[in-house]
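Here is the structure we will look at, set down as structure tokens.
The values are calculated or read from the model by the stated rules, or taken from the named source; none is laboratory data. Here the structure is a predicted model, which means the values were calculated and not measured. As a convention, Cβ positions derive from the backbone with ideal geometry for all residues, glycine included, and neighbour counts pool all protein chains shown. For the accessible areas, the whole protein counts, side chains as well, though only heavy atoms, and no ligand, DNA or RNA atoms are used. Shrake-Rupley method; radii C 1.70, N 1.55, O 1.52, S 1.80 Å.
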Amino acid sequence: MDLMEKLVSLCKRRGYVFPSSEIYGGLNGCWDYGPLGVELKRNIKEAWWQDMIAHHDETAVPDGAPRAFGMVGLDCSILMNPTVWEASGHVGGFNDPMVDCRETKNRYRADQLVVFRLVPQNGATASGEIADDEVLFASPGEAGKTADEALLSPHRKRVTALRKKLGELELVPVAEALADAQLRARVFAPGASQPGTLTAPRAFNLMFKTHVGAMEDNSSVAYLRPETAQGIFVNFKNVCDTARVRVPFGIGQIGKAFRNEINPRNFTFRSREFEQMEIEFFCRADEAEQWYRFWRDRRYDWYVQLGLSTERLHLREHDADELAHYASACADVEYAFPFGISELEGIANRTDYDLRQHIERSGKDLSFFDDQEPDKDQRRFVPHVIEPSAGADRATLAFLCEAYCEDEIGGETRTVLKLHPRLAPIKVAVFPLVKKDGMPERALELYRSLRRQFSAFYDEKGAIGRRYRRQDEAGTPYCITVDGQTADDGSVTIRERDSCEQQRIAASNVAAYLEERIR
Ligand code: ATP
């Protein structure tokens, strides 16, 4: 089993993530978080809210950042006036190119199908013209992110035959092959018996549509929001008028977003219903570049502080030709998942595009008036926006992938989730060594007192070693065992998850001990 299969299986077995409506066969692209998963995801969202919004410390703004600033939160509705999505460009432009295979009935996102030719590995033909009788191959995989072998695997038989004929082969991507009818006619789709079964790419709008009220006609159309960001923009004036904020400042929101993804995959990574954690940070145009760098670095550091390794976490600055037309800079925080390097979060300098779109469409004045600005001409302006946009489900998946570990303790292999203590669903488990001699009573008493402060778990079933293993799989950083000595001197053993080391401490000190290590 590869790491992803093991993780999916652990998530199901231990109650992290279940397929949605599983007893009815599930629903593609939808997932449910079980008792442990909900705690993990809540801790991630809470860490984000605490670190970015509530306890955001303006004194921690590094040298060179323009000015101290405030952060406030918002919780907007999922259904909004549909004009919002016209102004934002989602109705007209939130499309993915969709391609169908007429033979296998599979559906793909065109930009996630890599089309390539196979040429003899002597270099001479690699740059040459595509011969008239040459066939091409299409394989799912985000361009440049998948190993050659993975791209070749759906065409194994044909590749082997070609190798027999031509020797070692080189894989040469053919850009835009699907848009060109002549080239498309020569493409073998994954699993197809003949070439030319793929349709031309056509735009597919990713927004889920519904109707508001009793009438199901064009006048009642509404959309499930595909991002939380627009709720922030349309409330910009409300927040300015009520929250005593002054630019530069940011508004954050955590909430569900919905996208009718053509091809949901990679477990929860690409879902149709997911949660976003978004910030719109408003600043003056001439300070936007500095704030962009500030947020890009701050968001990268946040993942590192919570345990993602810098070997697997990358900050990728977009090239100019990758930028959306309104953005002046964008970087992705990417993580090396077992299925490839993929985006966790995007940080973009969106200029004043969004506020200007809403000003134009709504006719409302969404400029900011800075009454403390000495220069009269500079007092009224439309702020520029830096947007760090993260996905709570992708973050959860990345922390799970990073934490998953199999190691050997005393000659036995154990599975352990080495989650950061702040994120661990259960912080402490309390066990009586055996179910007699007053141990359960003393353990329950300790458990009940700890539960007021920490998410705690009590377990008296099974051998103590098995109870430890169960908590290792749940990522619980500390286990406390009440034993015979507890009655004599009030001490308990405390076992640390990663090292498995145990020490005796006074039961009365447990709360302080945990407090120091978990916060
Ligand atoms: P992708 O290119 O992977 O489709 P995107 O660039 O369209 O993502 P954004 O529109 O920038 O994504 O959304 C911001 C964040 O929301 C992403 O970085 C990701 O964490 C999260 N997100 C977007 N789409 C999904 C999805 N289908 N499932 C889970 N999370 C998602």
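One equal scatterer on each Cα of region 105-204, no solvent, Debye formula: the resulting log10 I(q)/I(0) at q = 0.12, 0.21 Å⁻¹ is -0.36, -1.15.
When the alpha carbon gyration tensor of the chain is reduced to an equivalent ellipsoid, its three semi-axes come out at 44, 36, 22 angstrom, largest first. Within region 410-518, the proportion of C-alpha pairs whose separation exceeds 19 Å stands at 37%. Here's the list of lysines a cross-link from K12 could span, going by alpha-carbon distance under 25 Å and ignoring same-chain residues fewer than 8 apart: K41, K45, K256, K418, K427, K461. Going by Cα centres, region 18-55 and region 399-451 are how many Å apart? First find each Cα centre; the distance between them is then 22 Å.
Amide H to amide H distances under 5 Å link A222 with T210, H211, V212, where only residues 5 or more positions off or on other chains count and H is placed in the peptide plane. Using a cutoff of 8 angstrom between alpha carbon atoms and counting only pairs six or more residues apart, the relative contact order for region 105-204 works out to 34 percent. Using only the C-alpha atoms, the convex hull of region 301-434 corresponds to 219 Å³ per residue.
Computed from the Cβ-Cβ distance with R0 of 56 Å, the FRET efficiency linking V91 to R244 stands at 0.95.
Roughly to the nearest percent, how much of the accessible area of the chain is carbon and sulfur, given a 1.4 Å probe? Ligands and nucleic acids excluded, carbon and sulfur give 48 percent. Residues whose amide H lies under 5 Å from that of A243, counting only those 5 or more places away or on a different chain, are absent; hydrogens are built 1.01 Å from N in the peptide plane.
Computed from backbone phi with θ = phi - 60° and the Karplus coefficients 6.51, -1.76 and 1.60, the 3J(HN,Hα) list for region 26-36 is x, 9, 4, x, 10, 9, 10, 8, x, x, 7 Hz; x is used for glycine and proline. When both bridge partners sit in region 410-518, DSSP labels roughly 55% of those beta bridges antiparallel. Pairs of Cα atoms nearer than 8 Å and 6+ residues apart set the relative contact order; for region 404-519 it is 27 percent. Taking 0.36 nm per residue of separation and subtracting the current Cα-Cα distance, fully stretching the chain between R466 and D321 would add 46.7 nm. Normalised per residue, the accessible area of the chain is 48 Å², obtained with a 1.4 Å probe and no contribution from ligands, DNA or RNA. Close amide H contacts of E227 (hydrogens built in the peptide plane, cut-off under 5 Å, sequence separation of 5 or more or a different chain): F258.
In µm²/s, what is D for region 302-353 at 37 °C and 0.692 mPa s, where D = kT/(6 pi eta Rh) by Stokes-Einstein and Rh is the Kirkwood radius from Cα pairs? Calculated translational D: 273 µm²/s. How much net charge surrounds E261 when only the other residues with a Cβ under 11 Å from the Cβ of E261 are counted, with Lys and Arg +1 and Asp and Glu -1? Counting the neighbours of E261, the net charge comes to +4. Couplings for region 180-191, taken from phi via the Karplus curve 6.51 cos²θ - 1.76 cosθ + 1.60 with θ = phi - 60°, read 9, 4, 5, 5, 4, 5, 9, 8, 7, 7, x, x Hz in order; Gly and Pro are left as x.
With contacts taken as Cα pairs under 8 Å at a separation of at least 6 residues, the chain carries a relative contact order of 13 percent.
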